Amino acid sequence: MRLTTIGTGTVAPHPTRVCAGHLIEARDVVLLLDCGSGVVHRMAALALPWSRISHVAITHFHGDHIADLAMLCYAFKYGQLPPRSEPLQVIGPPGIRDLMDRLALVFGTWLHAPGYLLEVVELEAGIELQLGSALRLSSRKVPHTPESVAYSVTEGAGRIVYTGDTGFDASLGEWAAGCDVLLTECSLPDAMAIPSHLTPTQAGALAAVANPGTLVLSHFYLPVEAVDITALVAAQFHGSVVLATDGWSIDL
Ligand SMILES: [Zn+2]
Ligand SMILES: [Zn+2]
């Protein structure tokens, strides 16, 4: 499978980083993890197969992770010829169905029947979901907002863990133990640490527990880019570390 980081920024306007969104391609499955503002057009800029997205999995309901979700559904309907006919699954923690209903109140009832089958799946933590023939998806709660989850995506022996937004939680590192790629947030410098996001030192400490093949950092607010992220992480975790950019990718 291939992971591409589409959006490595936050709500803070940034010249080269749009809001959160990451793509996993594996055989018949194209899975979009989060769909923040800017992600849909960024996929076109990166020549990613946005029209073949089969599943969207949302970690939590902050705008920098969902703001392009209705626009993606709209793009499938009006942004290509012929319009989409294949089914789409939108997956999220409990509450995702209510979120889609509220988006339909804002953007129009077409969102319930966009011309293709749009299935909303509320995934309970700990339940494993089969995606197409290629992938298995499961989630666990993380300390960010009440609904927030991290996702584990596996294909055969290959495993990617995406934290979404999270505070530090050693048990999250244990859950991710031995994964090939740990894609985690790295929002704020240590001097601005808060319980609901990670600093470079905390991201490194999380990786020290998980011991991934590669640690991939994302979700950078502007102040964290002013510190030496690589050195701070390396003081905690001695493995491979990547500071992701919009368009970075890795093949497993
Ligand atoms: Zn958030
Ligand atoms: Zn965020």
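Consider Arg42 carefully, then state whether it is of a type in the set (D, E, K, R), within 16 Å of ligand 2 (Cβ to nearest atom) and either touching a residue at least 60 places away in the same chain (Cβ under 8 Å) or crowded, with 21+ Cβ neighbours inside 10 Å (or both). So Arg42 passes the test. Test Val40 against the stated conditions and say whether it is among the β-branched types (Val, Ile, Thr), in contact with a strand residue (DSSP E or B) (Cβ under 9 Å, 6 or more places away or on another chain) and assigned to a loop (DSSP other than H, G, I, E, B). No. Applying the selection to the stretch 174-220, what residues are part of a loop (DSSP other than H, G, I, E, B), of a type outside the set (Gly, Ala, Ser) and more than 15 Å from ligand 1 (Cβ to nearest atom)? Matches in the stretch 174-220: Cys179, Asp180, Pro189, Thr199, Asn211, Pro212. Taken over the stretch 142-154, the criterion of being part of a strand (DSSP E or B) and either buried (at least 19 other Cβ atoms within 10 Å of the Cβ) or in contact (Cβ under 8 Å) with a residue 40 or more places away in the chain (or both) is satisfied by Val149, Ala150, Tyr151, Val153, Thr154. Among the residues of the stretch 221-246 satisfying the criterion of being assigned to a loop (DSSP other than H, G, I, E, B) and of a type in the set (D, E, K, R), which is farthest from ligand 2 (Cβ to nearest atom)? Only one residue tops the list, namely Asp228.
Residue-by-condition table, conditions (1) closer than 30 Å to Pro15 by Cα; (2) hydroxyl-bearing (Ser, Thr, Tyr); (3) part of a helix (DSSP H, G or I):
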{"position": "Leu48", "(1), (2), (3)": "yes, no, no"}
{"position": "Val56", "(1), (2), (3)": "yes, no, no"}
{"position": "Cys73", "(1), (2), (3)": "yes, no, yes"}
{"position": "Phe76", "(1), (2), (3)": "yes, no, yes"}
{"position": "Arg84", "(1), (2), (3)": "no, no, no"}
{"position": "Leu99", "(1), (2), (3)": "yes, no, yes"}
{"position": "Trp110", "(1), (2), (3)": "no, no, yes"}
{"position": "Pro114", "(1), (2), (3)": "no, no, no"}
{"position": "Gly126", "(1), (2), (3)": "no, no, no"}
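The C-beta contact set for the stretch 3-26 (first residue farther than 18 Å from His62 by Cα, second residue within 12 Å of ligand 2 (Cβ to nearest atom) and outside any loop (DSSP other than H, G, I, E, B), distance under 7 angstrom, 6+ apart or interchain) comprises Thr5/Ser218. The set of residues in the stretch 13-33 that are in a strand (DSSP E or B) and buried (at least 24 other Cβ atoms within 10 Å of the Cβ) comprises Gly21, His22, Ile24, Leu31, Leu32, Leu33. Examine the stretch 58-68 for a residue that is away from ligand 1 (no atom under 16 Å from the Cβ), hydrophobic (A, V, I, L, M, F, W, C) and under 29 Å from Ala125 (Cα atoms), and state whether such a residue exists. Looking for residues that are away from ligand 1 (no atom under 16 Å from the Cβ), hydrophobic (A, V, I, L, M, F, W, C) and under 29 Å from Ala125 (Cα atoms), one finds none in the stretch 58-68, hence no.
Where a number appears in this text, it was derived from the coordinates with a stated rule and is not lab data. Because the structure is a prediction, the values reported are computed rather than measured. Here Cβ is always computed from backbone atoms with ideal geometry, including for glycine, and neighbour counts include all displayed protein chains.
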